[in-house]
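Taking it in order: structure first as structure tokens, then the write-up.
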Amino acid sequence: MTAPLGWWFLLAGAVTLLLPGCAEAPDDVEPLPTRTVTVAQVETREHQPVVRVAGVVQPDRRAQMGTRQAGTVESVLVEAGDRVAADQPILRVDARDLEAARTAARLQRNAARAAWEQAAQNEGRFRRLYEQELVARVRMEEAEVKAEQARGLLQQAEAELAAAEINLDYATLRAPFTGVVSEILAEEGSFVAPGPPLVIFEDRSQLRVDAGVDAASAMQVRDGQALSMGFIGIDGVVEGRVQAVLPALEDTGVGLRLRLTITDPPPELEPGMVAEVAIPTAHASRTRVSIPEAALVRRGQMDGVFVVEPDTEGQLRARLRWIVLTAGARDAPGRVDVERGLSGGERVVVGDRLDDLSDNQPVTVDDAVRD
């Protein structure tokens, strides 16, 4: 059924009345304020491709200390984790029997010394009498033999006293060098025997890293070469120098073992931590783009930066640009590498102003703190 013609005229009039209101633009939108920001320049540098291998940190020197005397642990003078100086007492074993043996040896030595002194005096007296032709030569020779025997007995007594003192000294474990007590394997009151370690002692002033490598990677390093290492929980990179490439023969291991030395480790680096060692490859170097980590804007799983650039009228604006970061460890503390989205020489906003910026917001650059 066809609608009356009048209805069409009424509908067309209503649409005509509504159109002017829809076409009007809102006039209450305020322009974004101009912000003063700090900027940093995007850097470019040549980067040598690397292969990353895992290694374990170990102390450069490690001593497993035991006693040569059987006995009961009298006292443990330190705790695991303590730093001790060289020759500092660490543990004592009950040594009353050794002290008695030393006392007996000292008394025997004193008696032997007195006997030797008496024999030496007799030898001198008989020598003078013989020179005056008052005694036969045989009497002088007998005195010489007795003096020599007394001297031998004195030397034997002195050696036995020295052995008793050494045995007594072994009853006290002392730090062989300045370092850290890694582990204590004996408790006060427990019986210990010669041989098994009682204390494990480490020198952590210099550390080493052992990492398994293949033959191709081993061919890219040389003795004394500096390599970068990364550690979980430690900002930046740690430098280690190649000490040697060794065969991995321990525990039926195969392949090669790269050993690096860390001569000045950071305080938070400890044995047992896992290192990620960067070994150069034979591939040609390439250009890498780097920015301060303080320039990153994180929105969920996306990373971006505010790039400062002029618009068509010359006004500087902060434009939000999404970027792709380079996967892997950082080569410099406080900086990140960018795979895509930025070019060298561009300027990005850094600092606290990132939270206050909006895309395309007008800005001015604070030259006083400009990076």
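The table for this structure:
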read-out	value
Table column - 3J(HN,Hα) (Hz), segment 89-94, Karplus curve with 6.51, -1.76, 1.60, x for Gly and Pro	x, 10, 8, 10, 9, 3
Segment 76-130, Cα convex hull volume normalised per residue, Å³	88 Å³
Student exercise, the chain dipole from Lys, Arg, Asp, Glu Cβ charges, in Debye to nearest 20	1260 debye
Neighbour net charge for ALA101 - beta-carbon separation under 12 angstrom, K R +1, D E -1	-1
DSSP H segments from the chain that extend 18 Å or more along their own axis, Cα-based, with Kyte-Doolittle mean of 0.5 or above	5-23
Distance from segment 132-198 to segment 58-120 (C-alpha centre basis), Å	11 Å
Cα-based convex hull, segment 88-204, per residue volume (Å³, whole number)	130 Å³
Positive dipole terminus of segment 77-233, leading residue within VAL78, ALA105, ALA150 (C-beta point charges)	ALA150
Overall dimensions of segment 39-130 by Cα: Rg and Dmax, Å	31.9, 107
Principal axis dimensions, largest first and in whole angstrom, of segment 135-262 by Cα	90, 42, 31
Per-residue SASA entry for ARG335, accessible area with 1.4 Å probe, Å² rounded to 10	50 Å²
Sequence ranges 208-216, 72-80, ranked by mean other-Cβ count within 10 angstrom, highest first	208-216, 72-80
Highest to lowest packing among 125-136, 53-64, 170-181, scored as the average C-beta count within 10 Å	170-181, 53-64, 125-136
For ALA318, residues with placed amide H under 5 Å, excluding near neighbours	ASN360, GLN361, VAL363
Cα-based Kirkwood hydrodynamic radius, the chain, one decimal, Å	29.9 Å
Label-point separation, LEU246 to GLU46 (7 Å along Cα→Cβ), nm	3.5 nm
Built amide H within the under 5 Å cut-off of GLN69, gap 5+	none
Around ASP169: net Lys/Arg minus Asp/Glu count, Cβ-Cβ under 12 Å	+1
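The values are calculated or read from the model by the stated rules, or taken from the named source; none is laboratory data. Just so it is clear, the structure is predicted and the values come from calculations on it, not from any experiment. Don't worry about glycine lacking a Cβ; one is built from the backbone with ideal geometry, like all the others, and counts go over all protein chains shown. Surface areas here come from the heavy atoms of the whole protein model, side chains and all, with no ligands, DNA or RNA. Shrake-Rupley method; radii C 1.70, N 1.55, O 1.52, S 1.80 Å.
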